[in-house]
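The values are calculated or read from the model by the stated rules, or taken from the named source; none is laboratory data. Note that this is a predicted model, so its numbers are computed, not measured. As a convention, Cβ positions derive from the backbone with ideal geometry for all residues, glycine included, and neighbour counts pool all protein chains shown. Accessible surface is based on the protein model in full, side chains and every heavy atom, while ligands, DNA and RNA are left aside. Shrake-Rupley method; radii C 1.70, N 1.55, O 1.52, S 1.80 Å.
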Amino acid sequence: EEETRVSYEQKLNNTQHSVSRKLLETALSKKSNLIASADVTTTQELLALAEKVGPHIIALKTHIDIISDFEYEKTIIPLKEIAARHQFLLMEDRKFADIGNTQELQFTSGVFKITDWADFVTSQVIGGFESLDCFKNVGVVAIVGMSSKGALTTASYREEALKVALSHPNVIGGVSQNKIPEDLLLFTPGVNLADSGDGKGQQYNTPEHVFKTLHTDFIIVGRGIYKSDDPEASAITYKTEGWNAYINSLIK
Ligand code: 5BU
């Protein structure tokens, strides 16, 4: 693509949402656009990973419901402390997909009490505009398109999903494998430097590709980091690759 992208500074000037601002300010100050996906299944692994990659990331993405020994006091309290110390945000990838009332209960209740600690969450928009009203105190990243082979997020679905995302004041961005309007932040998972897939439908691209062709803002890397022998070194590699790819995408 030949057109230039909107810079983080420009996006910062154009947004009032506190979570967008924090993400963009953190990206600029850490020179990082990396979100590590912590798809580990114990509190100990989660906290150890957060501690190692913390200095290099702008956010840690969790699937908190895969933690087998979850306890609010033992899992969330130390995680919040690590996040504050290393200056990254907490992104819970819950992918809400229900009516507003149920999503509100899933967001505020149960053992996870996501509302108490997540800075931002992912949500499907399949439940319609009002289903997103309950996420008032956080940012919402709308699932626009999925990275897995055969995903049903067709061009016409994405177009309708974007209408909801663009019009809802709680939405700060979208997850997609396609370009989206630049007034939303674009989060792109399915990023891996070594693999092209995982044999379970996942499809991978390089940081270079997603910045150049999608004008993504933030890359999300899971196994490329947490499965590596040295997660900190891998985080530094993805941070550097991602930042260089961003800088290159600013140049025509
Ligand atoms: P991986 O190990 O880098 O493949 O992990 C990718 C993460 O991003 C994982 O937590 C997924 O749930 C998440 N993800 C994704 O891979 N693709 C998508 O389209 C969406 C989320 Br939406």
(message) 7 Å from Cα along Cα→Cβ at both residue 116 and residue 195: what's the point-to-point distance in nm?
(response) 3.4
(message) Which order do the peptides 115-122, 197-204 come out in when sorted by mean C-beta neighbours inside 10 angstrom, highest first?
(response) 115-122, 197-204
(message) Can you compute the radius of gyration and Dmax for region 73-142, using only the Cα atoms, both in Å?
(response) 12.5, 37
(message) Sort 209-222, 138-151, 14-27 by the packing proxy (mean of other Cβ within 10 Å over each peptide's residues), most packed first.
(response) 209-222, 138-151, 14-27
(request) With unit charges on the beta carbon (Lys/Arg positive, Asp/Glu negative), name the residue among 219, 170, 125 whose Cα is farthest towards the positive pole of the charge dipole of region 107-242. (result) 125
(message) Give me the three principal axis extents of the chain from the C-alpha atoms, as integers in angstrom, largest value leading.
(response) 49, 43, 39
(message) Using helices alone, I'd like the mean residue ellipticity at 222 nm for the chain: each DSSP H run of four-plus residues gives -39500 (n - 2.57), total over residue count, nearest 500.
(response) -11000 deg cm²/dmol
(message) Rolling a 1.4 Å sphere over the protein heavy atoms, what is the accessible area per residue of the chain, to the nearest Å²?
(response) 45
(message) What is the percent carbon and sulfur in the accessible area of the chain, measuring with a 1.4 Å probe over the protein chains and ignoring ligands?
(response) 50
(message) Explain nothing, just the number: dipole magnitude of the chain about its Cα centre with +1 on each Lys and Arg Cβ and -1 on each Asp and Glu Cβ, in debye rounded to the nearest 20.
(response) 340
(request) Taking the dipole about the Cα centre of the chain, with the C-beta of Lys and Arg at +1 and of Asp and Glu at -1, give me whichever of 181, 7, 191 is farthest to the positive side. (result) 7
(request) Using R₀ = 41 Å, calculate the FRET efficiency as 1/(1 + (r/R₀)^6) where r is the Cβ-Cβ separation of residue 98 and residue 28; round to 0.05. (result) 0.70
(request) Classify region 182-244 as rounded, prolate or oblate from the Cα gyration tensor: take a ≥ b ≥ c as the square roots of its eigenvalues, call it rounded if a/c is under 1.5, otherwise prolate when a/b beats b/c and oblate if not. (result) oblate
